[in-house]
1. Go through (1) hydrophobic (A, V, I, L, M, F, W, C); (2) over 16 Å from the mean Cα position of the chain (by Cα); (3) in a helix (DSSP H, G or I) one by one and return the number of the condition ILE47 breaks.
2. Would you confirm whether any residue within region 25-33 is in a helix (DSSP H, G or I), among the charged types (D, E, K, R) and closer than 20 Å to SER4 by Cβ?
3. Does THR77 count as more than 17 Å from ASP37 (Cα to Cα), buried (at least 17 other Cβ atoms within 10 Å of the Cβ), at pLDDT 95 or above and polar (S, T, N, Q)?
4. Within region 84-97, is even one residue surrounded by 14 or more Cβ atoms within 10 Å (Cβ to Cβ) and under 22 Å from PHE7 (Cβ atoms)?
5. What number of residues within region 68-123 are closer than 23 Å to ILE23 by Cα and not in a helix (DSSP H, G or I)?
6. Please tell me if SER43 is under 30 Å from PHE121 (Cα atoms) and either without any contact (Cβ under 8 Å) to a residue 40 or more places away in the chain or not charged (D, E, K, R) (or both).
Amino acid sequence: MEISIFFARFLGSLFISLGLLSIGAGFLGRVIKYTEDRTITVSTGYITFLIGLVTVILHNIWVADWRIAITILGWITLFKGVTKIGFPDHVNKQAQKFKSQQNLWAVVILLLGAVLFWMSFYY
């Protein structure tokens, strides 16, 4: 359970920060713009891949409670990293679809972070 609490606090804090930065400073819009540069996309893909791989190796827990959210996020992160490394042009096309809904996704990220962070103290 300790690893679940660590990942919930880590990912919760990360998502809260990214959500607030996206709402207040337009961070998500800048990230979308950066996907136009294949070098940045591939470079961040390696980081994304490593974070996903560490999460999957340390927290591949398939149970019917809140911890499954961390496992699913780990697998999504791993696949996102592979996609960014192997298909950077596809990533750019997908990112462009989110341009018009930046604030909505910023709120979703913020709320997901708040739920994960809260769960880390509740359990």
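1. Here ILE47 meets the rest and fails (2).
2. No, there is no match, as no residue in region 25-33 is in a helix (DSSP H, G or I), among the charged types (D, E, K, R) and closer than 20 Å to SER4 by Cβ.
3. Considered against the rule, which asks whether it is more than 17 Å from ASP37 (Cα to Cα), buried (at least 17 other Cβ atoms within 10 Å of the Cβ), at pLDDT 95 or above and polar (S, T, N, Q), THR77 comes out as yes.
4. yes
5. Total meeting the criteria: 2.
6. For SER43, the condition - under 30 Å from PHE121 (Cα atoms) and either without any contact (Cβ under 8 Å) to a residue 40 or more places away in the chain or not charged (D, E, K, R) (or both) - is not met.
The values are calculated or read from the model by the stated rules, or taken from the named source; none is laboratory data. Note that the structure is predicted; figures quoted are calculated from it, not measured. FYI the Cβ positions are ideal-geometry reconstructions off the backbone, even for glycines, and counts take in every protein chain you see.
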